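*Asks:* Please see the structure below; I have some questions.
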Amino acid sequence: MSSVKVLLHIKDENLRREAVDALRESAQQVPFEQHESDWTSLLEHLGKLKPEALLLDLTTVPTDLAVAMRQIKIHAPRTKVVALHAVEDPKMILAAMRAGVNEFLHPPLEDSLPTALERILSSVESEIGTASRGKVIGFLSAKGGCGATTLACHVAWELQNQTRKRILLADLDLTSGLVGFLMKTPSSYSILDAVKNLSRLDESLWKALIVENRPNLSVIPAPASYSRWDHPDENQLKQVLQFMRTQHDWIVLDLGRSLNSIATAVLEELDQLFLVSTLEVVALHGLKSIVHGLFDQGEKLQLVLNRTPKLMDISTQELEKILGRSLYAALPNDYMGLYQSYSSGNLLNSNTRLAQHFGLLASKIAGLPPAKAKKKFSLFG
Ligand SMILES: Nc1ncnc2c1ncn2[C@@H]1O[C@H](COP(=O)(O)OP(=O)(O)OP(=O)(O)O)[C@@H](O)[C@H]1O
Ligand SMILES: [Mg+2]
């Protein structure tokens, strides 16, 4: 996190001079920075800097203040806003407070600004750690066809089932995503629409972009067509993920296959990355090289073995020794079960052994006691 605690976006010269003088002369010596460009670049800068407070000259706000406040919250959810105006205007104060600004100040700022900042900075400290933030998990196939999409869909479904929380399943396999098809949630919108509209992304626009599969399980599919020219800006993509955290409790991403540019771009935003492989030599080779490339990710990276045959040529322990890492889960093979369910437009029947394993995997991810199964299963074998 940056050491700059306060960002100033002030056009009015007198106001700016007053604010800067008040900050320089205050006993707290709070580190601050001035931003002088337009609104869109202010939002981008806020997203990167995430200061604890924004001193905002109300005359610089290009839209309705309530909309502007939502945009600020998307880019920097914890940043407090101090609205500044040249004169004391009761109507404006009321509108600013209704829009959700934290403080409203007008000159003279010499005493009022340091006091307001002191209040804000102490409340920020007490809020740290308590803010609600959804968790982001991603499934990545070690090579094509290992089961990342199957796992993402079933785990998202199971997470909703078990936690009853707000789940989002997002297809970030932009070139050939199948999540929309498997979840029966076709849509004309994709994550790319959220990226393109980042500067006006708010709760209502977001609701228009996602599709509800069932209550509290929403889906945002991959685009219907994609070319390399559509490749999203990585920083903006990360900001969309940060926004998703404010709208959902769990965000499950299908990241496609191998360490592609999208998976790499969002890596920092993930709480957990599940690398899915089968026992096929080519898949294990891919798995090993990805594990090697992501050696610095520690516990964030977890390995899932999919389509594990009943009789393995190699024991789990031997495999873990070769990979230098333990397996998070090993899921059984049920090609026919999946084939039949997908052909009839459904996810896997919950009575099957593989579906029970999806349930166990979801409960392990959510930190819940294992979901009750009709028969006793373990995450291995
Ligand atoms: N545990 C399993 N047992 C049997 N078949 C499976 C299992 N998991 C996935 N499959 C099958 O493997 C195929 C590939 O699965 P899926 O599409 O989920 O993989 P993927 O890693 O997303 O592939 P892609 O690289 O094409 O995106 C599908 O036909 C799916 O039904
Ligand atoms: Mg896939």
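Bear in mind these aren't lab numbers, they're just calculated from the coordinates by the rules spelled out. Bear in mind the structure is a predicted one, so any value in this text is a computation, not a measurement. Note that we place each Cβ from the backbone using ideal geometry, even for glycine, and neighbour counts take in every protein chain shown.
*Asks:* Between helix 234-247 and the chain, what is the angle of the helix's C-alpha long axis to the longest principal axis, kept within 0 to 90° and rounded to the nearest 10?
*Replies:* Helix 234-247 sits roughly 90 degrees off the main axis of the chain.
*Asks:* Semi-axes of the equivalent ellipsoid for region 154-273, please: Cα gyration tensor eigenvalues, times 5, square-rooted, ordered largest first, whole Å. Could you put the intermediate results ahead of the total?
*Replies:* Working: eigenvalues 79, 49, 45 Å².
The three semi-axes for region 154-273 are 20, 16, 15 Å.
*Asks:* Quote the FRET efficiency, to the nearest 0.05, computed for residue 320 versus residue 133 with a Förster distance R0 of 30 Å and r equal to the Cβ-Cβ distance.
*Replies:* Details: r = 32 Å, r/R0 = 1.06.
Approximately 0.40, to the nearest 0.05.
*Asks:* Kindly identify region 257-341 as rounded, prolate or oblate by the Cα gyration tensor criterion: order the square roots of the eigenvalues as a ≥ b ≥ c, call it rounded if a/c is under 1.5, otherwise compare a/b with b/c, prolate if a/b is larger, else oblate.
*Replies:* Oblate is the answer for region 257-341, as a/c is 1.5 or above yet b/c matches or exceeds a/b.
*Asks:* For the residue pair residue 364 and residue 349, what label-to-label distance in nm results when each label sits 7 Å from Cα along the Cα-to-beta-carbon direction?
*Replies:* 2.6
*Asks:* Something else: Find, to one decimal place in angstroms, the Kirkwood hydrodynamic radius of region 135-366, where the mean of 1/r is taken over every pair of different Cα atoms and then inverted.
*Replies:* Working: mean 1/r = 0.0561 Å⁻¹.
Hydrodynamic radius (Kirkwood, Cα pairs) of region 135-366 is 17.8 Å.
*Asks:* In the chain, if the dipole is taken from +1 on Lys/Arg beta carbons and -1 on Asp/Glu beta carbons about the Cα centre, which of 146, 75, 55 is farthest to the positive end?
*Replies:* Toward the positive end, the furthest listed residue is 146.
*Asks:* Loop-only trypsin sites (Lys or Arg not before Pro) in region 243-320, please: DSSP not H, G, I, E or B, and at most 13 other Cβ atoms within 10 Å. Let's see the in-between values first.
*Replies:* On the way: sites: 245, 257, 288, 300, 307, 310; in loops: 310.
Listed in order of number, the matching sites are 310.
*Asks:* Dipole of the chain, Cα-centred, from +1 at each Lys and Arg C-beta and -1 at each Asp and Glu C-beta, to the nearest 20 debye? The partial results should precede the final answer.
*Replies:* On the way: 41 positive and 42 negative charges, 438 e Å.
Value, rounded to 20: 2100 debye.
*Asks:* Can you tell me how region 235-381 classifies by the Cα gyration tensor, rounded, prolate or oblate, using a/c under 1.5 as the rounded cut? Write out the running numbers ahead of the final one.
*Replies:* Numbers: a/c = 1.67, a/b = 1.19, b/c = 1.40.
Taking the square roots of the gyration eigenvalues as a ≥ b ≥ c, region 235-381 is oblate.
*Asks:* Let me have the 222 nm mean residue ellipticity of the chain computed from DSSP H runs of 4+ only, each contributing -39500 (n - 2.57), with the sum over all residues rounded to the nearest 500. Before the final figure, lay out the partial values.
*Replies:* Numbers: 15 runs with 158 residues, N = 381.
So the helix-based figure for the chain works out to -12500 deg cm²/dmol.
*Asks:* Okay, next question. Say each of residue 34 and residue 13 gets a label point 7 Å from the Cα, pointing the same way as Cα to Cβ; how far apart are those two points in nm?
*Replies:* 1.1
*Asks:* Rounded if a/c is under 1.5, else prolate if a/b is larger than b/c, else oblate: which is region 6-127, with a ≥ b ≥ c the root eigenvalues of its Cα gyration tensor? Walk me through the numbers on the way to the answer.
*Replies:* Details: a/c = 1.28, a/b = 1.11, b/c = 1.16.
It comes out rounded by the Cα gyration axes.
*Asks:* Please give the charge dipole size of region 236-381, origin at the Cα centre, charges +1 on K and R Cβ atoms and -1 on D and E Cβ atoms. Round to the nearest 20 debye.
*Replies:* Details: 15 positive and 12 negative charges, 111 e Å.
That gives a dipole near 540 debye.
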